[in-house]
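Notes follow the structure.
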Amino acid sequence: WELLYWRAPERSALALLVTLVALGCLARFSVISVGAYGALGVLAVTVPLRLRRVALRVLHPTPPEPPARAQPEAPGVLSPEQQQRWARYLARHVATATRTLTRLFLVHSVPESL
């Protein structure tokens with residue numbers, strides 16, 4: 001709604017510009033060629049970002065996470081540490097799912113994309 005009501009003018013202007021360019025391209029060229037060039041544009045952006053992320057991961061490896069301590073569990077009640085552990089567990093699964101979808105839709109393998 002912020003884009004629609006121009007509450008964020010920069011983002012709204014960018015969305016309007018992208019929409020107008022897409023409609024102009026569709027009026028002039030076929031849907032297949034516009035889709036192909038759009039996919040090429042997405043790859044032109046994602047491949048350098050992927051290469052940058054790989055380079056940063058190689059240059060700055062992340063330290064391993066310390067193992068979790070075992071605590072007695074109360075039936076039906078989660079302690080704050082268990083809540084944090086479940087939150088990390090869910091966040092890890094959401095990040096993995098996001099990463100998998102990103103690989104499927106954008107860049108799975110840099111050599112394959114190139």
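Worth a mention:
- Computed E for E10/A87 - FRET, C-beta separation, R0 41 angstrom, nearest 0.05: 0.80
- Here r is the Cβ-Cβ distance between V54 and S79 and R0 is 35 Å; the resulting FRET efficiency, rounded to 0.05, is 0.35.
- Under the convention that each Lys and Arg Cβ holds +1 and each Asp and Glu Cβ holds -1, the size of the dipole of region 1-53 around its Cα centre is about 240 debye.
- Separation of the T62 and A22 label points, Cα + 7 Å toward Cβ, nm: 3.2
Each value in this text was obtained by applying a stated rule to the coordinates, not by laboratory testing. Everything quoted here is computed from the prediction, not taken from an experiment. Cβ coordinates were reconstructed from backbone atoms using ideal geometry, including for glycine residues, and neighbour counts include every protein chain displayed.
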